[in-house]
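Asker: Sharing a structure with you now.
The values are calculated or read from the model by the stated rules, or taken from the named source; none is laboratory data. Since we're looking at a predicted model, the values are computed, not measured. In this analysis, Cβ positions are derived from the backbone assuming ideal geometry, glycine residues included, and neighbour counts consider all displayed protein chains. Heads up: the accessible areas ignore ligands, DNA and RNA and are worked out on the full protein's heavy atoms, side chains in. Shrake-Rupley method; radii C 1.70, N 1.55, O 1.52, S 1.80 Å.
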Amino acid sequence: MQLNTTLSKMPAYINGQVHYLLKTDNDFLKINDCIGREFSIEFVGEKYCASCGNQFTDLYRMGFCKNCFFTSPMAGESIIRPELSRAHLDEEDRDLAFEKGYQLQEHVVYLANSGGLKVGVTRQQQVPTRWIDQGAAQAIILAKTSNRYEAGMIEVDMKNHVADKTAWQRMLKNEDAEVNLLEEKERLAGLLSADLQHFVCDDNEIHSMDYPVEHYPTKVKAINLDKNAEVKAVLQGIRGQYLIFEGGGVLNLRGHTGYRVKISF
Ligand SMILES: [Zn+2]
């Protein structure tokens with residue numbers, strides 16, 4: 001079968017295992033069904049901005065053209081750095097109405113094991129999507145807040161004690177560290193500054209994510225569609241937003257947002 005699409009982050013849901021959908025021009029492909037089969041993705045040389053939709057020779061960052069990256073509220077400073085949120089002060093960064101809608105809602109600060117222990121922030125409504133996107137094996141909620149700024153302040157404090165980046169190569173080799181998330185939560189909560197302690201929550205459920213991966217590679221090599229326009233190999237699994245191919249090639253679909261491709265399997 002052959003399909004055309006502009007790449008974007010795969011929606012996912014948990015039904016026992018994690019199930020991924022790949023958006024195509026007319027439909028969604030249940031891409032888990034392609035695992036164990038030869039699968040090819042060919043970049044046809046066109047790129048489209050995720051915000052304005054216009055075609056560009058090159059995109060700037062996060063799937064945005066340069067203009068959108070510097071003007072769209074979807075790429076505002078508080079998106080990457082929640083502690084810079086200002087909507088709770090009624091102060092605008094790029095679009096106050098958008099920022100109020102985005103920032104002034106329940107957020108969680110979580111601990112996850114994705115190739116190692118890390119801390120992160122997400123909107124409550126993005127649980128467990130955010131954890132799946134990062135390929136976390138397990139996650140626990142450390143704190144709940146009423147807005148993005150508060151969650152960002154907790155994350156900044158926690159960054160002194162724990163990583164905030166996913167160790168993606170370890171994650172894709174299934175080399176998650178031995179981590180007891182409940183013990184880590186108790187340890188880190190004890191290190192949190194006194195004025196933030198009241199955000200720590202009693203919800204101690206450990207969430208586990210089971211990814212559809214038949215074989216994890218022992219070595220991984222990131223595929224860059226700008227350098228190699230076509231990848232064609234047996235699809236061995238999916239974790240995070242990565243397709244894992246036989247031979248250890250891994251394609252970060254989120255990192256190729258906006259790339260126009262042909263898919264065959
Ligand atoms: Zn644009």
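Asker: What residue, among those in the range 144-172 that are within 25 Å of Val213 (Cα to Cα) and open to solvent by 60 Å² or more (accessible area, probe 1.4 Å), is modelled with the lowest pLDDT?
Answerer: Lys165
Asker: Before we move on, is Gly45 part of a loop (DSSP other than H, G, I, E, B) and among the small types (Gly, Ala, Ser)?
Answerer: no
Asker: Now for a different question. Kindly provide the set of residues from the range 104-127 that are outside any strand (DSSP E or B), in contact with a strand residue (DSSP E or B) (Cβ under 9 Å, 6 or more places away or on another chain) and crowded, with 19+ Cβ neighbours inside 10 Å, ordered by number.
Answerer: Initial filter on the range 104-127 (outside any strand (DSSP E or B)): 104-106, 114-116, 124-127.
Narrowing the set further to residues that are in contact with a strand residue (DSSP E or B) (Cβ under 9 Å, 6 or more places away or on another chain) leaves 105-106, 114, 116, 124, 126-127.
Within the range 104-127, just Ser114 meets the criteria.
Asker: How many residues does the range 50-65 hold that are near the ligand (Cβ under 10 Å from one of its atoms) and over 21 Å from Glu230 (Cα atoms)?
Answerer: 8
Asker: How about the range 68-93: which of its residues are open to solvent by 60 Å² or more (accessible area, probe 1.4 Å) and within 23 Å of the chain's Cα centre (by Cα)?
Answerer: Across the range 68-93, the qualifying residues are Phe70, Thr71, Met74, Glu77, Ile80, Arg81.
Asker: Can you go through Thr71, Thr57 and tell me which one is hydroxyl-bearing (Ser, Thr, Tyr), in the same structural domain as Tyr13 (by TED's automatic domain parsing) and either under 20 Å from Gly258 (Cβ atoms) or in contact with a Pro (Cβ under 7 Å, 6 or more places away or on another chain) (or both)?
Answerer: Testing whether each residue is hydroxyl-bearing (Ser, Thr, Tyr), in the same structural domain as Tyr13 (by TED's automatic domain parsing) and either under 20 Å from Gly258 (Cβ atoms) or in contact with a Pro (Cβ under 7 Å, 6 or more places away or on another chain) (or both) leaves just Thr57.
Asker: Which residues, counting only those in the range 24-55, are open to solvent by 60 Å² or more (accessible area, probe 1.4 Å), more than 23 Å from Arg94 (Cα to Cα) and not acidic (Asp, Glu)?
Answerer: Asn26, Phe28, Lys30, Arg37, Val44, Gln55, listed by residue number.
Asker: Let me spell it out: the conditions are (1) within 15 Å of the ligand (Cβ to nearest atom); (2) of a type in the set (Val, Ile, Thr); (3) in contact (Cβ under 8 Å) with a residue 60 or more places away in the chain, and Ile41 meets all of them except one. Which number is the exception?
Answerer: The failed condition is (1).
Asker: Can you spot a residue in the range 219-242 that is of a type in the set (A, V, I, L, M, F, W, C), free of Cβ contacts under 8 Å to residues at least 40 places away in the same chain and either open to solvent by less than 70 Å² (accessible area, probe 1.4 Å) or assigned to a helix (DSSP H, G or I) (or both)?
Answerer: First, the residues of the range 219-242 that are of a type in the set (A, V, I, L, M, F, W, C): 220, 222-223, 225, 229, 231, 233-235, 238.
From what is left, the residues that are free of Cβ contacts under 8 Å to residues at least 40 places away in the same chain are 222-223.
Narrowing further to those that are either open to solvent by less than 70 Å² (accessible area, probe 1.4 Å) or assigned to a helix (DSSP H, G or I) (or both): 222-223.
There is at least one residue in the range 219-242 that is of a type in the set (A, V, I, L, M, F, W, C), free of Cβ contacts under 8 Å to residues at least 40 places away in the same chain and either open to solvent by less than 70 Å² (accessible area, probe 1.4 Å) or assigned to a helix (DSSP H, G or I) (or both).
Asker: Do we have Lys9 as away from the ligand (no atom under 11 Å from the Cβ), of a type in the set (D, E, K, R) and open to solvent by 60 Å² or more (accessible area, probe 1.4 Å) here?
Answerer: Against the criterion (away from the ligand (no atom under 11 Å from the Cβ), of a type in the set (D, E, K, R) and open to solvent by 60 Å² or more (accessible area, probe 1.4 Å)), Lys9 qualifies.
Asker: Based on what the data block shows, is Glu99 modelled with pLDDT of 95 or more, of a type in the set (D, E, K, R) and in a loop (DSSP other than H, G, I, E, B)? Quick ask: steps written out before the conclusion?
Answerer: Details: modelled with pLDDT of 95 or more: yes; of a type in the set (D, E, K, R): yes; in a loop (DSSP other than H, G, I, E, B): no.
No, not satisfied.
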